[in-house]
Amino acid sequence: MNTTSDPSRKVIPIAPSPDRGPIEPPPGADAEMVALYEAHKKIYPRSVSGYFTRWRWALVFLTQLVFYGLPWLPWGDRQAVLFDLVAKRFYIFSLVLYPQDFVYLTGLLVISALSLFLFTAVAGRLWCGYACPQTVYTEIFLWLEKFAEGDRSARMRRDAGPWGWDKLGRKLAKQGMWLAVSLWTGFTFVGYFTPIHSLASAVLGWGLGPWETFWVLFYGFATYGNAGYLREQVCKYMCPYARFQSAMFDRDTLVVTYDEERGEPRGARSRKADPLSLNLGACVNCSLCVQVCPTGIDIRDGLQYECIGCGACADVCDTVMDKMGYARGLVKYSTQNAVNQHWTRAQTLRHVLRPRVLVYTGILVAVVVAMLVSLALRSPFKVDVVRDRGTLARIVQGGKIENVYRLQIMNATEQDLDFSVSASGIEGMSTQMDAPTVAVASTQARWVAVRVQIPYEAAPAGSHPIHFEVTNGAPNGTVTEKSVFIVPR
């Protein structure tokens, strides 16, 4: 883009129009191309230590210990958590779920949404700053980048300088570590859907199937791209949460805030200088709060949607305040009302527990309790009844009318069970099977044919509702399913 120092020169931005073609400048005016979008500038977050940073790294270790370790945890003859899509069974420790248990997934999504509303109303984007996979893996990749290329200033100098063997070696080392972590992450992700021991054997034997290969590479590439290159752009431009979070914020939400009354006017000074004599606030304008921010914002400009609430600026500002001999808390977690009205911590917390928070909490507790009670009272097996459409109602030996049904009995426990089947709904109804009981192996499903008979004149012609009762004799071990019995004309 051309620039000029002549103040009298009239510059008109030129943009093409799809309907009228290029716009011509007026006679005598100079045309100049003006960029409508600012090019992305790489952010080099500075390393920081402090209270919130320790919490953030604790969450990094905890979440990754669970994610990478859970598929390897044994539970009997299988892994503790396995979503077996081929067999259509989902194992979560001692719990075995089938596609018919979709309601529990719905409940889990409702709990997740309510938890997000509650946490956001109380303390802003805590999820984003501490537990979101994007944040967690960005922290890991930044640590690897620092390990390979040095601290912030070294990385900036190296990127601005010419290529050499040192720069090439460090870049290759960083890329190698990023790729290793990404591929291991993709492998672990697929290990939740394919038994991870079998998956590892297939990888070592170069026998990995096409779908497993695709998903390992896909998830690995997503991790590599998002955490290695996109980073804050995902939070700022791709994540919808940043856009609608303001609907859940109010002036009593705990967010990272800058005490403008105490900090302004900002300015540099020596440690021994008296800020009052210089007519300065507590902010020394060191810009460290901007340098440590993973999204590159200046918290002194107020609350911004790009802020993920990680607290890095609060940590580094407290460090500066300690060095200057000032009180901590120039940048801190607080509410807008608390900062403006100079509330104490106790007053702030009392206002945080406001009606909307109590309502969210009550609804969330009710949903969680309902889901736990439902799981506790859940039947250890499920039954599907399908009327055999290939065999119409018929008259059999003894002058009885017979309908044939197929029952799918799904054993949701990890022990073999024997089931008995009976039917009711019409006087004199009886059931006939090849064996008096049906044996179903642990976590397996079995189809069984059941012939239901009634006396010839026990019911008029037409369709009649009946009920199948399947039981294994254990507590909560009875399931009743509806069907219809057809009496021919």
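All of the numbers you see were taken from the coordinates with simple rules; none came from a lab. Note that the structure is predicted; figures quoted are calculated from it, not measured. Please note: Cβ atoms are built from the backbone with ideal geometry, for glycine as well, and neighbour counts cover all protein chains shown.
Annotation: for a label point projected 7 angstrom from Cα along Cα→Cβ of Val352, residues of the stretch 86-125 with backbone N closer than 11 Å are 122-124. A straight Cα-to-Cα reach below 19 Å connects Lys236 with the aspartates and glutamates Glu38, Glu139, Asp298, Asp301, Glu306, residues fewer than 8 places away in its own chain not being considered. Would you please state the base-10 log of I(q)/I(0) at q = 0.31 1/Å for the stretch 408-456, with intensities from the Debye formula using one equal scatterer on every alpha carbon? Those come out to -1.14, one per q. A DSSP coil position with no more than 11 other Cβ atoms inside 10 Å describes the following GluC sites (Glu not before Pro) in the stretch 443-489: Glu457. Globularity index of the stretch 398-489 is 1.17 (Cα radius of gyration / 2.2 N^0.38 Å, N = number of residues). If you look at the Cα atoms of the chain, you get an Rg and a Dmax of 33.2, 112 Å.
Close amide H contacts of Phe419 (hydrogens built in the peptide plane, cut-off under 5 Å, sequence separation of 5 or more or a different chain): Val438, Ala439, Val440. Coupling constants for the stretch 402-408 follow from the phi torsions by the Karplus curve (6.51 cos²θ - 1.76 cosθ + 1.60, θ = phi - 60°), and in residue order they are 10, 10, 10, 10, 10, 10, 9 Hz; glycine and proline get x.
By the combined test of axial Cα extent (at least 20 Å) and Kyte-Doolittle hydropathy (mean at least 0.5), the qualifying DSSP H helices of the chain come to 51-69, 102-123, 355-376.
Amide H contacts under 5 Å for Val484: Ile466, restricted to partners 5 or more places along the chain or on a different chain, H placed in the peptide plane at 1.01 Å from N. Normalised Debye scattering of the stretch 180-226 at q = 0.33 Å⁻¹ gives log10 I(q)/I(0) of -1.25, counting only Cα atoms as equal scatterers and leaving out solvent. The local environment of Pro455, defined by Cβ-Cβ distances under 9 Å, has a net charge of -1 under the rule Lys, Arg +1 and Asp, Glu -1. Near Asp259, once Lys and Arg are set to +1 and Asp and Glu to -1 for all other residues with Cβ below 12 Å from its Cβ, the sum equals +2.
Run through all the Cα pairs of the stretch 43-165 and give the fraction in each 5 Å bin from 0, expressed as whole percent. With 5 Å bins starting at 0, P(r) equals 2, 8, 12, 14, 14, 14, 12, 9, 6, 5, 3, 1, 0. Within the same chain, aspartates and glutamates fewer than 8 places from Lys482 are excluded, and of the rest, those with a Cα less than 13 Å from its Cα are Asp384, Glu469.
Close amide H contacts of Arg387 (hydrogens built in the peptide plane, cut-off under 5 Å, sequence separation of 5 or more or a different chain): Arg406.
Cα gyration tensor of the stretch 277-345, axes a ≥ b ≥ c as square roots of the eigenvalues: rounded (a/c below 1.5), prolate (a/b > b/c) or oblate? Taking the square roots of the gyration eigenvalues as a ≥ b ≥ c, the stretch 277-345 is oblate. For Lys174, the lysines whose Cα comes closer than 18 Å to its Cα, not counting residues fewer than 8 places off in the same chain, are Lys42, Lys146.
If you take all other residues with their beta carbon under 15 Å from the beta carbon of Phe193, and give Lys and Arg +1 and Asp and Glu -1, the sum is +1. Divide the volume of the convex hull around the Cα atoms of the stretch 296-406 by the residue count and you get 259 Å³ per residue.
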